[in-house]
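**Student:** Encoded as C-alpha cells, here's the structure I'll be asking about.
The values are calculated or read from the model by the stated rules, or taken from the named source; none is laboratory data. Since the structure is predicted, the reported quantities are computational estimates derived from the model, not experimental observations. Glycine also receives a Cβ, built like all others from the backbone with ideal geometry; neighbour counts cover every protein chain displayed. The protein model used for the area step is the full one, side chains on, heavy atoms only, and it has no ligands, DNA or RNA in it. Shrake-Rupley method; radii C 1.70, N 1.55, O 1.52, S 1.80 Å.
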Amino acid sequence: MANFSKKLGNNTSVRKINPVEIYENLDRKVETGPLRPIQKEVLQKWHDDFKENKDIILKLHTGQGKTLIGLLILQSLLNQEKGPCLYICPNIYLANQTCEQAAKFGIPFTNFTEKNQDIPTDFINGEKLLICHVQKLFNGLTKFGLGRGSIKAGGIAIDDSHACIDSIKDTFTIKIPNDHTLYEHIVTLFEEDLKKQGIGTFGEIMIQDFRSFLPIPYWAWIEKYEKVTELLLQFREDKQILFKWPLLKNNIQNCQCFVSGSYIEISPYINPIELFGTFHNANQRILMSATTMNDSFFIKGLGLSKESINNPLTIPNERWSGEKMIIIPRLIDDSLDRISIINHFAKPLQGRKKGIVALIPSFSDAKIYADQKCNVATPENIYLEIKALKEGKCDTPLVIANRYDGIDLPDDACRLLIIDSKPFSESLADKYEESSREDSEIINVKIAQKIEQGLGRSVRGEKDYSVILLIGSDLVNFVRNVRTQKYFSTQTRQQIRIGLETAELATEDIDRNTTNTIDTLSELIRQCIITRDEDWKTFYEERMNKNNEIEFKIDITEILDIEKKAEEYNMAGDFDKAINLIQNITDSSAVNKSENGWYLQTIARYKYNISKTDSNKIQTSAFRLNYNLLKPKEGIIYKKIEIIDNSRVSNIKKWVEKFDNYEELLGSLNDMLSLISFEETADHFESGLHELGKVLGFESQRPDKENKEGPDNLWCLNDNDYIIFECKNEVKDKRDEISKSEAGQMNVYCGWFKNNYPSANYIPIMIIPTKNISKAAAFNLDVKILRKSGIKTLKINVLAFFKEIEKFDLKSLTDEKIQECLNMHKIDNKSIKTIYLDTPFQRR
C-alpha cells in the first residue's frame, strides 16, 4: 500500500471538526451541490456556540435540509472522538431514506440489516455513525441495554423528534386486548370501582363498545397494584407485555390504568426515560424539530431541561417555505359539507397524475372513504402505499388514520390534502386528559401542533405546493375560533387568513355566476395545482411576505417542568414536596376552574399515600370544579335541577343579552349547533345538546357526566315537565335496530329519573339513527326516538328563530315577541315534545 504521508512533510492530515469543512471534504455524488446558505449558517452556529451543550433543539422549516445538518454534526462528534453516535428516525421507512441520503453525501454510516440485528462493531468503535428507527433503541429488550448496562453514546440525533415522542411513550404502555385472559382478570378485580365511575359506561364496555372507556380510580389502583403486578407477571412472556415488562415491573404502583371496550391500557404518569441510558447519558442530544412545533413537550416526553427548550438552535426571522392553499369549503357555501367533499374528491380516477391524500383521526372514521373505494393505509402497508404515490401511482386516494407526522408526501405524491376533523389522541390516557382539560393551554397547544403537523405533510420544500381542504365541524371551529387561533404559528395563521380571503372570492364568484358550488371549489383547486395561476402565486407570495400576524407567547414550559418534577418526587416517595409543587399551580391565577380541578385531583392522588380521608376531601373539591374527573369514593349526592326562573322567555333574553351584536350571537350559535351532529364524538354531541337546552331557555344538566349516573342529558322545561335524553349518535348510520342493551339502558335511566323526581312528568328520548326495536329488546315506557331528520329540522328551526329576532334590537326584545317567534318556528314547549320525534317500531 502506498504511504502518502511520506509526501506530506509537516502537513500531516488532521480530521476536520467543523461540519462545514467536513462537508467540503466528503466524497459526495455528482448530483449533490454545495451546502445551502441556511445549512451553512446553522452548522457554523452549532460549531461556534452549541457544540459543548448536552441538549440542542434544532428548529428549521420543512425542506431546509435538517437531515444533512444532523448527520454532519454527528460526523463532527465522531471526528472529535467523542464516542459512538446514533441517528434515530421515527420509522423504518425514514431510516432507509436517511441511509440513502448519507450514502449520497458520502457520510460513512452503518445500520441494522435483516440478517444481522446485532449492534454493529463500527458503531461501538466510533468509526461510523449508526442510522436506525426509534423502536430499536427504545424498547424493554433493547440491544443497547437498560440502566447501567446501556451502551455509552457520544451523540444522538433524533429526526422528527415530536413524532418519536409518541413512539417512546408507547414503549412504556401495556395494551391488553379484550380477548386476552388478563383483560377479564383485571376487569373483575376493579369491577365495583369502575361501576361507581359510570354504570352506563361500564355496561357499554362490557358489550365491547370500542368508544367507551373508564379510568380505574387511583385509590383503587394504589390498594390493588400488587395483585395487578402478580397478574402481569404470569403473562410477562406474552407479546403484549414482553417488551414493556422490563420497563414497568418495578413501577406498577406509579401507573394509571384505563379500561375500554377494546383493551386495557397501563402506562406510567411520567416516562422513566432514564432507563434508556444510551439516550439519557449521551454527551450530546440533538432534537430536530419544525419551526411550528412547541418543544415544551420534550420536558416530560424526553426529560429535557427547560433551559434547552428556551435556547434552541435556529435562524431568527427565517423566511416562510412552500405554498399552501388552505380552503375551508363550508365557508364558500354551506352545501360544501364534510360528506359532499368526501363524496366528490375521495374517488378513484384512472390516469390521475397527482396524488390525493386524506388524514383522519382514527380508523373508525375510515368507513365513508372505504365505501368510495379509497385505499385505507394500515400500519403494515402505509409506507408501500406512500412509495406507490411517489412513483406516480395516484389513481386511488390514500387515507391515513391518526398519523400527522413522520410522513413525507412531496410534489405530485400529494397535491390535494384533505384534513378531516380535529385530531385526537389514540391512547386512553391522552384521551382522558384531553376530555378533562378541554380549556387547557397545554391541550390546545397539542391540538394545534397536530393540525400544523398535518398541514406540513404535503408541502415538503420551498418550491412545493398543495391545496389543503379542512373539513369536519370540530376542526373548522378550532381553526376559525379567535380563542384557539392563537395556538398556531404566525405562518399558519397567515395561511389560514389567505384561505379565508380565497373563500370570499369564491363566494363572490358563486353570487355572480350562480354556478354549481362544487364546480367553483374545483376551479379554485385547478388554479393552484393544474394551471398554476400566476395571479394566485403572486397573491400568496405578497400576502406571506407582508405577514403581520402577532406572535402570541404561549409559554407552557414552566408548568410542564413543575408537573415533571412533582411526578418525580411522588415516585421517590417525597409526597409533601410533590403536593407543594402542584399547590403552587393551583394557587396561581393562571389556571381556570376545570384546570384547577385537574390539579386538585393530582394533589389528591399524592395525598392518598399520606391520608385517605384528606385525599377524598380534596377529590370531592376537584370533582365539584370539573365533572370530567373521578367521582370521589364518598361525599357526592345528586343535586336536582333547581328552578330559578320558570320563564324560558326570560332565560332566552338573558342568553341573547350576553352578546354585543348579532354577528357574535350567530357565530356562537352556529358553533354550538355544529356539535349536535351524528359525525361528532359522544362528548361533543352531549355538550352541544346541553348548551342547546340553555339557549332555548330550559334548565339543562348532564347527569351521567356530572354525577356518573343517570341519562346523558336532562332538560327541565318547567317545574314539572322534563325531557331525558340518551344519546347514541356514534352508532353506525346503517344500523337497522335498537339493541337489547340499549333499550335496557334507557329503562334504567327512566328508573333513575322516577327515583329522583317521583312526581314529575317526563318524556324519555333516545337519539339514534333507527326507530326499529330488536325482537329481543323492549322499552318499559313510552320512549320516543329522535333521528337525523328530526335533529336537522330542529337545528334549522332554532337558527331561523334567532334570525327572526335579528330584525329587532337585541337589548329591547319583549317577552311577547320572543314567545310569538318561538311559536312561529315551532320550538315552543309542545312542539319540542312532539313534531321532531318518531314512535319506535317493535319488531316481532
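**Student:** In straight Cα distance, which lysines are under 17 Å from residue 239, not counting same-chain residues fewer than 8 positions off?
**Tutor:** 136, 175, 249
**Student:** Any idea which of 14, 90, 68 is furthest toward the positive side of the dipole for the range 1-152, if Lys and Arg beta-carbons carry +1 and Asp and Glu beta-carbons -1?
**Tutor:** Of the options given, the answer is 14.
**Student:** Rounded to whole Å and ordered largest first, report the semi-axes of the equivalent ellipsoid of the range 4-158 derived from its Cα gyration tensor (root of 5λ).
**Tutor:** Those come to 26, 19, 17 Å.
**Student:** Same structure again: Hey, what's the Kirkwood Rh for the range 639-737 if you take every pair of different alpha carbons, in angstrom? Could the numbers behind the result be given before it?
**Tutor:** Working: mean 1/r = 0.0684 Å⁻¹.
It works out to 14.6 Å.
**Student:** While we're on this one: Once the whole set of protein chains is in place, how much accessible area is left on residue 426, using a 1.4 Å probe, in Å² to the nearest 10?
**Tutor:** About 70 Å², ignoring ligands and nucleic acids.
**Student:** Before anything else, pin down the relative contact order of the range 386-535: Cα pairs under 8 Å, at least 6 apart, normalised by residue count, whole percent.
**Tutor:** Relative CO of the range 386-535 lands at 25 percent.
**Student:** Output needed: percent of Cα pairs per 10 Å distance bin for the range 359-440, bins running from 0 to the one holding the longest distance.
**Tutor:** Taking every Cα pair in the range 359-440, the percentages come to 16, 46, 26, 11, 1.
**Student:** While we're on this one: Beyond 54 Å, what share of the Cα-Cα pairs of the chain remains, rounded to the nearest whole percent?
**Tutor:** 16 percent
**Student:** Along the principal axes of its C-alpha atoms, what lengths does the range 658-791 span, in descending order and rounded to whole Å?
**Tutor:** So the extents along the principal axes, rounded to whole Å, are 53, 38, 24.
**Student:** Now for a separate question. So which of 54/422; 29/54; 450/694; 486/593; 224/422 end up more than 25 Å apart by C-alpha? Display every interim value, and only then the final one.
**Tutor:** Details: 54/422 36 Å; 29/54 33 Å; 450/694 32 Å; 486/593 21 Å; 224/422 37 Å.
Over 25 Å apart, Cα to Cα: 54/422; 29/54; 450/694; 224/422.
**Student:** Still on this structure, I have one more. Using per-residue counts of other Cβ atoms within 10 Å, averaged over each peptide, order 230-237, 324-331 from highest down.
**Tutor:** Taking the mean over residues of other Cβ atoms within 10 Å, the ranking is 324-331, 230-237.
**Student:** Work the Kirkwood hydrodynamic radius out for the range 399-468: mean of 1/r over every pair of different alpha-carbon atoms, inverted, in Å.
**Tutor:** Details: mean 1/r = 0.0755 Å⁻¹.
After inverting the pairwise mean of 1/r, the radius is 13.3 Å.
**Student:** Checking a compactness column here: for the range 570-651, what do you get for Rg(Cα) / (2.2 N^0.38 Å), N being the number of residues?
**Tutor:** That ratio works out to 1.38.
**Student:** While we're looking at this one, here's another question. Counting Lys and Arg as +1 and Asp and Glu as -1, each charge on the Cβ, what is the dipole of the range 488-640 about the Cα centre in debye, to the nearest 20?
**Tutor:** 1300 debye
**Student:** Something else now. Say the dipole of the range 590-648 comes from +1 at the beta carbon of Lys and Arg and -1 at that of Asp and Glu; which of 621, 591, 610 then lies farthest toward its positive end?
**Tutor:** 610
**Student:** Can you tell me what the convex hull of the Cα atoms of the range 366-412 projects to on average, as an area in nm²?
**Tutor:** One quarter of the hull surface, i.e. the mean projection, equals 3.4 nm².
**Student:** Quote the relative contact order of the chain in percent (integer), defining contacts as alpha-carbon pairs under 8 Å separated by 6+ residues.
**Tutor:** It comes to 9 percent, rounded to a whole number.
**Student:** Also: For the range 419-510, just the Cα set please: Rg and Dmax, both in angstrom.
**Tutor:** Final numbers for Rg and Dmax: 14.5, 47 Å.
**Student:** Hey, what D do you get for the range 203-289 in µm²/s if you plug the Kirkwood alpha-carbon radius into Stokes-Einstein at 37 °C and 0.692 mPa s?
**Tutor:** Taking Rh from Cα pairs, D becomes 218 µm²/s.
**Student:** Can you compute the charge dipole magnitude of the chain about its Cα centre, using +1 on each Lys and Arg Cβ and -1 on each Asp and Glu Cβ, nothing else charged? Give it in debye, rounded to the nearest 20. Show your work: numbers first, answer last.
**Tutor:** Numbers: 113 positive and 122 negative charges, 297 e Å.
Dipole size: approximately 1420 debye.
**Student:** In the chain, carbon and sulfur make up what percent of the accessible area (probe 1.4 Å)?
**Tutor:** Of the solvent-accessible surface of the chain, carbon and sulfur hold 48 percent.
**Student:** At a 1.4 Å probe radius, which order do 179, 533 fall into by accessible area, largest first?
**Tutor:** Result of the area sort, largest leading: 179, 533.
**Student:** Only Cα pairs under 8 Å and at least 6 apart count here; give the relative contact order of the range 388-476 as a rounded whole percent. Mind dumping the intermediate values first?
**Tutor:** Working: 105 pairs, mean separation 39.5, N = 89.
Averaging sequence separation for qualifying contacts and normalising by length gives 44 percent for the range 388-476.
**Student:** At a Cα cut-off below 16 Å, give the aspartates and glutamates reachable from residue 754, other chains included and same-chain residues fewer than 8 away excluded.
**Tutor:** Within reach: 704, 709, 712, 719, 721, 726, 782.
**Student:** Taking only protein heavy atoms and a 1.4 Å probe, what accessible area per residue, in Å², does the chain have with all protein chains in place?
**Tutor:** Each residue of the chain exposes 44 Å² on average to a 1.4 Å probe.
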